[in-house]
Amino acid sequence: MMKNQHAVWEDFLRDSLSEIEASGLLRSLRTVNCPQSARVEVNGRRILNFSSNDYLGLANHTALREAACREAAHGGFGTGASRLACGTLAAHERLETAIAEFKRTEASLTFSSGYAAAMGTIPAVCSKGDVLILDKLCHACLVDAARLSGAHLRIFPHNDLNKLESHLRWAGKAHPGRRVLVLAESVYSMDGDLARLREMVELKDRFGAWLFLDEAHGIGVIGKNGRGLADSEGVTARVEIQMGTLGKALGAHGAYIAGSRLLREFLVNRARSFIYSTSPPASVAAAAEKAVKILASPEGARLVESRWKNIRGLCSARKLPCAASAIVPVIIGDEAAALRASANLLDVGFLVPAIRYPTVAKGTARLRITLSAAHAEADILALARALP
Ligand SMILES: *Cc1c(COP(=O)(O)O)cnc(C)c1O
């Protein structure tokens, strides 16, 4: 009996992997033996890195390293408890104040990751009987959080505001008096295009819904100091729940929800990924705070601008219209062909990942290029020549 069950499990794992491999979708880990930057070492070779979300080169910035070391030297490393037990440290509070100032919101609350921020926040604010309306291209963590919430789900085709409007109208009729939350990203992570944010804000306001905006790829990218799309479109006060990550352009780790003081207090009491999880090390919070301060400074504006110069450089070398963000997809279509293209690039010294189903729809496999302020002009031109 025991043995039988064991065989069932082994077969399940092995068969699943064979199936994944047969459809050209097997993934494996690649070890990088150096700090995250424009060049990385893979299998003993130095190659140009176009796969990281470290958009400003902050992940290995001296000031972040020093802030983390200083904090760890004084305050130790582990935090030992959740924020609500004895795990809230001065570094967490300082980071949250810095984020709220930078985002021009009343308050913010940080989480261990963007995934945790979504999983904690969305089911806290919407539950059974409420309505969640998602853009089709929303990140996996928003989809998972929406499912976990138990709310009614409606999807609209990417950026299709007519369909969003009809969902909003339906929600008002079918579920009168219930909370309705629209979920969208400012920059879509696999396409690099932007939400039609101003129109979306008009629309949700008209129906009395709230908007949850995931700025994972917008913070540090969009607007003069990378304050994000809500700020650059002048709608900060009308986007009720703003999320962003601290591990991408900010070069640290973790994520935030920014909004009203009331929202923050509510989440402290209701977001399960916040309540039931050990708080991040103070050194991580200190590094993130440093990153936010850099971003707000003239150095931040310079980094954002030099990254735009790289984006413009690649697009003009490839005779493409200028990309809207630091993500430039090259659509290949076939999964195996995208893998081959990525492997060919790796052979000649460029790390450009192939993105496949289930991250993107079947038959829309692509090379996903991410550009950083840390790339030199020559790196960009070399990539432009090497791309298929
Ligand atoms: C990366 C990402 C997340 C998750 O953030 P982590 O801090 O990496 O967990 C959430 N949403 C979007 C759009 C992302 O790209």
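The values are calculated or read from the model by the stated rules, or taken from the named source; none is laboratory data. For clarity, every value in this text was computed on a predicted model and none was experimentally measured. Cβ atoms come from the backbone with ideal geometry, glycine included; neighbour counts cover every protein chain shown. Surface accessibility is based on the protein's heavy atoms, side chains included, excluding ligands, DNA and RNA. Shrake-Rupley method; radii C 1.70, N 1.55, O 1.52, S 1.80 Å.
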Margin query: Going by amide H atoms built from the backbone, whose H comes under 5 Å of the H on Arg39, apart from near neighbours?
Written below: Asn49
Next item on the list: Please report how far the C-alpha centroid of the stretch 135-211 lies from that of the stretch 259-308, rounded to the nearest whole angstrom.
Entry: 24 Å
Margin query: Please list His152, His217 from largest to smallest accessible area, probe radius 1.4 Å, with all protein chains kept in place.
Written below: His152, His217
Next item on the list: Could you tell me what percent of the DSSP beta bridges with both partners in the stretch 62-295 are antiparallel, to the nearest 5?
Entry: 40 percent
Next item on the list: Keeping all protein chains in position, work out how much accessible area Glu377 exposes to a 1.4 Å probe, and write it in Å² to the nearest 10.
Entry: 120 Å²
Item checked: the chain - accessible surface per residue (Å², probe 1.4 Å) -> 47 Å²
Check: Glu106 to Glu19: extension gain in nm, 0.36 nm per residue of separation minus the Cα-Cα distance?
Finding: 26.4 nm
Item checked: Distance (nanometres) between label positions extended 7 Å along Cα→Cβ at Arg206 and Leu26 -> 5.2 nm
Margin query: Below 8 Å between Cα atoms, with a sequence gap of 6+, how large is the relative contact order for the stretch 154-234 in percent?
Written below: 26 percent
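Relative contact order of the chain: what whole-number percent is it, with Cα pairs under 8 angstrom and at least 6 residues apart?
23 percent
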Item checked: Label-point gap, in nm, between Ala386 and Phe77 - each point 7 angstrom along Cα→Cβ -> 3.5 nm
Next item on the list: Measure off, as a whole percent, the carbon and sulfur share of the 1.4 Å-probe accessible area of the stretch 62-295, all protein chains present.
Entry: 53 percent
Note to self: Helix-only mean residue ellipticity at 222 nm, the chain, DSSP H runs n ≥ 4 weighted -39,500 (n - 2.57), per residue, nearest 500. What is it?
What the structure shows: -14000 deg cm²/dmol
Next item on the list: Kindly sort Arg368, Arg65 by accessible area of their heavy atoms, largest first, with the probe set to 1.4 Å.
Entry: Arg65, Arg368
